[in-house]
1. What is the helix-to-structure angle for 11-24, meaning the angle in degrees between its Cα long axis and the longest Cα principal axis of the chain, kept from 0 to 90 and rounded to the nearest 10?
2. Based solely on its DSSP helices, what 222 nm [θ] is calculated for the chain when runs of n ≥ 4 H residues each add -39,500 (n - 2.57) and the sum is averaged over all residues, nearest 500 deg cm²/dmol?
3. About the Cα centre, and with charges only on the beta carbon of Lys, Arg (+1) and Asp, Glu (-1), how big is the dipole of the chain? Nearest 20 debye, please.
4. If you filter the range 19-88 for chymotrypsin sites (Phe, Trp or Tyr not before Pro), then keep DSSP loop positions with at most 12 other Cβ within 10 Å, what is left?
5. For the range 47-55, what does the Karplus curve 6.51 cos²θ - 1.76 cosθ + 1.60, with θ = phi - 60°, yield as ³J(HN,Hα) per residue in whole Hz, taken in order and with x for Gly and Pro?
6. Starting from the 7 Å offset along Cα-to-Cβ, what nm value, one decimal, do you get for the label separation of V34 and A13?
7. For E22 and Y41 in the same chain, what is the full-extension length gain: residue separation times 0.36 nm, less their Cα-Cα distance, in nm?
8. Would you calculate the volume per residue, in Å³, of the smallest convex hull containing every Cα atom of the range 1-85?
Amino acid sequence: MPLAFPLLAGPGAITAVIISLETMGLVTTVLSIVLAIAATYVTLRYSDRIYRILGRRGSLIVTRVFAVFVAAIAVQYVVEGVKVLFAL
């Protein structure tokens with residue numbers, strides 16, 4: 001549980017909110033925050049049931065798939081930053 005807090009409200013999450021606010025606007029950003037909070041609540045609330053369904057191996061697979069997903073988002077941010085940096 002303590003590792004979840006830096007991921008939910010750490011520098012990466014704050015940066016994502018700032019970028020979303022600048023590119024998508026206030027309504028979309030607030031809606032995405034509310035959806036993230038709801039998804040987090042449901043996931044944490046039913047984590048024991050989810051783990052029983054997935055099992056140990058399924059949990060490891062889901063963890064690795066989401067790690068690749070987060071890495072892809074990070075690469076996208078870096079590429080966009082480099083584009084903006086060299087476009088000026």
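1. Approximately 60 degrees, to the nearest 10.
2. Computed ellipticity for the chain at 222 nm equals -31500 deg cm²/dmol.
3. 520
4. Those that pass, being in a loop and sparsely packed, are Y46.
5. Result, rounded to whole Hz: 4, 5, 5, 4, 5, 5, 6, 6, x.
6. 1.8
7. Details: separation 19, 0.36 × 19 = 6.84 nm, distance 2.64 nm.
Length gained between E22 and Y41: 4.2 nm.
8. Measuring per residue, one finds 100 Å³ for the Cα hull of the range 1-85.
Every number here is computed from the coordinates shown, using simple stated rules; none is lab data. What you see is a predicted model, and the numbers here were worked out from it, not measured in a lab. Please note: Cβ atoms are built from the backbone with ideal geometry, for glycine as well, and neighbour counts cover all protein chains shown.
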